[in-house]
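A.B. asks: Have a look at this one.
The values are calculated or read from the model by the stated rules, or taken from the named source; none is laboratory data. Being a predicted model, the structure only gives us computed values, none of them experimental. Virtual Cβ from ideal backbone geometry, glycine too; neighbours counted across all protein chains shown. Ligands, DNA and RNA are excluded from the accessible area calculation, which covers all protein heavy atoms including side chains. Shrake-Rupley method; radii C 1.70, N 1.55, O 1.52, S 1.80 Å.
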Amino acid sequence: MPSLKALRKRIATVRSTQQITKAMKMVAAAKLRRAQEAAERARPYAAKLSEMFAAVAAGVEPEAHPLLARRPEQRIDLLVLTSDRGLCGGYNANLLRFAAGLVRQRAAAETAIVVVGRKGLEYYRRRSARVVAHRQGILTTGPAAMAAELAQEVTRRFVAEETDAVHLVYTRFRSALSQEPTSVPLLPVAAPATDAPAVDYIFEPERPALLARLLPRYVEALITQALLEAVASEQGARMTAMDNATRNAGEMMDSLTLSMNRARQATITKELMEIVSGAEALKG
């Protein structure tokens with residue numbers, strides 16, 4: 001059994017760790033609230049932009065714009081949104097496992113990776129994957145600015161026919177306890193499915209000119225929405241992980257305190273027995 005000194009030192013260490021995890025949980029909860037609000041505010045804009053794009057793209061031939069061109073998917077880019085920091089439970093592991101499953105499903109195609117986040121970059125470098133572009137600072141860079149850079153990179157590669165398709169892989173935020181890895185096709189741009197009846201709009205400027213301006217903005221909007229969802233998911237996963245760590249630290253402290261009390265009681269009992277034995281020896 002460990003000594004009383006070792007147990008007291010261990011309890012103090014666990015208590016210090018618990019204070020850190022509790023503080024990190026509170027910080028993550030505050031950031032989660034802001035990130036969740038930002039993601040929810042962006043959803044109506046993305047939905048309306050999708051509706052507008054569906055109306056403009058209705059009846060347009062794929063040859064009308066390079067971003068609509070469909071080719072056999074022999075080369076595929078995955079745009080994977082991970083985090084820069086850890087301590088967020090299985091957030092990155094689940095997403096990267098999901099992305100690896102997508103790669104296995106398209107084993108016949110040549111896959112290249114565009115990755116956001118230090119954790120994803122380290123993961124793909126360890127596996128010698130082909131990383132054609134990477135970005136960091138998902139929590140410190142504005143989503144719109146980062147989305148513009150990413151959209152420019154993936155559209156450049158698609159227009160130059162360096163890739164035949166681009167898929168966006170990110171974690172969709174559902175709640176602080178639930179985040180779902182998700183994949184959506186990004187390029188070639190496909191008109192979103194809608195149940196609304198078709199409406200014959202009169203466009204000004206003409207449909208091709210409007211489509212040329214709308215397509216890059218639509219791609220940026222999809223990436224921006226995914227970045228906002230990823231940030232909210234990361235903070236939710238971190239808050240949950242730190243809450244579990246705080247609870248586990250409390251349980252460990254209880255167990256160590258019980259062991260310390262038992263050790264102290266055993267020491268006291270031993271000393272009493274020695275005193276009684278000594279007294280009996282003197283009487284004899």
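A.B. asks: Where residues in the range 82-104 are in contact (Cβ under 8 Å) with a residue 12 or more places away in the chain, under 16 Å from T182 (Cα atoms) and hydrophobic (A, V, I, L, M, F, W, C), which of them is surrounded by the fewest Cβ atoms within 10 Å (Cβ to Cβ)?
C.D. replies: Going through the qualifying residues, I end up with V103.
A.B. asks: Checking the condition within 23 Å of A221 (Cα to Cα), of a type in the set (D, E), without any contact (Cβ under 8 Å) to a residue 24 or more places away in the chain and surrounded by fewer than 20 Cβ atoms within 10 Å (Cβ to Cβ), which residue from E122, E149, E153, E161 passes? Give the derivation first.
C.D. replies: Working: E122 fails: within 23 Å of A221 (Cα to Cα); E153 fails: without any contact (Cβ under 8 Å) to a residue 24 or more places away in the chain; E161 fails: without any contact (Cβ under 8 Å) to a residue 24 or more places away in the chain.
It is E149.
A.B. asks: Can you tell me which residue within the range 39-80, out of those that are without any contact (Cβ under 8 Å) to a residue 60 or more places away in the chain and assigned to a loop (DSSP other than H, G, I, E, B), is farthest from F158 (Cα to Cα)? Show your work before the answer.
C.D. replies: First, pick out the residues of the range 39-80 that are without any contact (Cβ under 8 Å) to a residue 60 or more places away in the chain: 40-41, 44, 47-48, 59, 61, 63.
Remaining after also requiring assigned to a loop (DSSP other than H, G, I, E, B): 59, 61.
Details: G59: 22, E61: 18 Å.
Of everything passing the filter in the range 39-80, G59 is farthest from F158 (Cα to Cα).
A.B. asks: Scan the range 127-186 residue by residue and report those that are within 15 Å of L95 (Cβ to Cβ) and of a type in the set (D, E).
C.D. replies: Of everything in the range 127-186, just one residue is within 15 Å of L95 (Cβ to Cβ) and of a type in the set (D, E), namely E180.
Let's see how each residue does on (1) over 30 Å from A147 (Cα atoms); (2) at pLDDT 85 or above; (3) out of contact with any Asp or Glu (no Cβ under 6 Å at 6 or more places or on another chain):
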residue	(1), (2), (3)
L211	no, no, yes
I223	no, yes, yes
V231	no, yes, yes
M239	no, yes, yes
A245	yes, yes, yes
A249	yes, yes, yes
S259	yes, yes, yes
V276	yes, no, yes
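A.B. asks: Tell me the residue from V199, V219 that is at pLDDT below 85 and among the β-branched types (V, I, T), please.
C.D. replies: On the way: V219 fails: at pLDDT below 85.
Sole residue among the options that is at pLDDT below 85 and among the β-branched types (V, I, T): V199.
A.B. asks: Name the residues in the range 229-284 that are among the hydroxyl-bearing types (S, T, Y) and open to solvent by less than 30 Å² (accessible area, probe 1.4 Å), would you? Break it down stepwise before answering.
C.D. replies: As a first pass, look at the range 229-284 and keep what is among the hydroxyl-bearing types (S, T, Y): 233, 240, 246, 255, 257, 259, 267, 269, 277.
Result: S233, T246.
A.B. asks: Restricting the first residue to the range 264-277 and requiring it to be of a type in the set (D, E, K, R), which pairs with a second residue that is modelled with pLDDT under 80 and part of a helix (DSSP H, G or I) meet a Cβ separation below 6 Å and a spacing of at least six or different chains?
C.D. replies: Final answer for the pair search is none.
A.B. asks: Any chance you could count how many residues in the range 223-248 are under 20 Å from L177 (Cβ atoms) and either without any contact (Cβ under 8 Å) to a residue 40 or more places away in the chain or of a type in the set (A, V, I, L, M, F, W, C) (or both)? Before you say what the answer is, go through the steps one by one.
C.D. replies: Applying the first criterion (under 20 Å from L177 (Cβ atoms)) to the range 223-248 yields 228-248.
From what's left, either without any contact (Cβ under 8 Å) to a residue 40 or more places away in the chain or of a type in the set (A, V, I, L, M, F, W, C) (or both): 228, 230-232, 237, 239, 241-242, 245, 247-248.
Residues meeting the conditions: 11.
A.B. asks: Continuing with the same structure: Regarding M24, is this residue surrounded by 14 or more Cβ atoms within 10 Å (Cβ to Cβ), in contact with a Lys or Arg (Cβ under 9 Å, 6 or more places away or on another chain), in contact (Cβ under 8 Å) with a residue 24 or more places away in the chain and not β-branched (V, I, T)? If you could, list the steps in order and put the result at the bottom.
C.D. replies: Working: surrounded by 14 or more Cβ atoms within 10 Å (Cβ to Cβ): yes; in contact with a Lys or Arg (Cβ under 9 Å, 6 or more places away or on another chain): yes; in contact (Cβ under 8 Å) with a residue 24 or more places away in the chain: yes; not β-branched (V, I, T): yes.
So M24 passes the test.
For (1) under 21 Å from the mean Cα position of the chain (by Cα); (2) hydrophobic (A, V, I, L, M, F, W, C); (3) modelled with pLDDT under 95, each residue gets a yes or a no:
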{"position": "P72", "(1), (2), (3)": "no, no, yes"}
{"position": "D84", "(1), (2), (3)": "yes, no, yes"}
{"position": "L87", "(1), (2), (3)": "yes, yes, yes"}
{"position": "L95", "(1), (2), (3)": "yes, yes, no"}
{"position": "V115", "(1), (2), (3)": "yes, yes, no"}
{"position": "E161", "(1), (2), (3)": "no, no, yes"}
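A.B. asks: Right, something else. With the requirement that a residue be touching a Lys or Arg at 6+ places or on another chain (Cβ under 9 Å) and outside any helix (DSSP H, G or I), what does the range 144-165 give you?
C.D. replies: Of everything in the range 144-165, those that are touching a Lys or Arg at 6+ places or on another chain (Cβ under 9 Å) and outside any helix (DSSP H, G or I) turn out to be E161, E162, T163, D164, A165.
A.B. asks: Scan the range 81-130 for residues that are within 23 Å of M24 (Cβ to Cβ) and not in a helix (DSSP H, G or I) and report the count.
C.D. replies: Adding up the residues that qualify gives 12.
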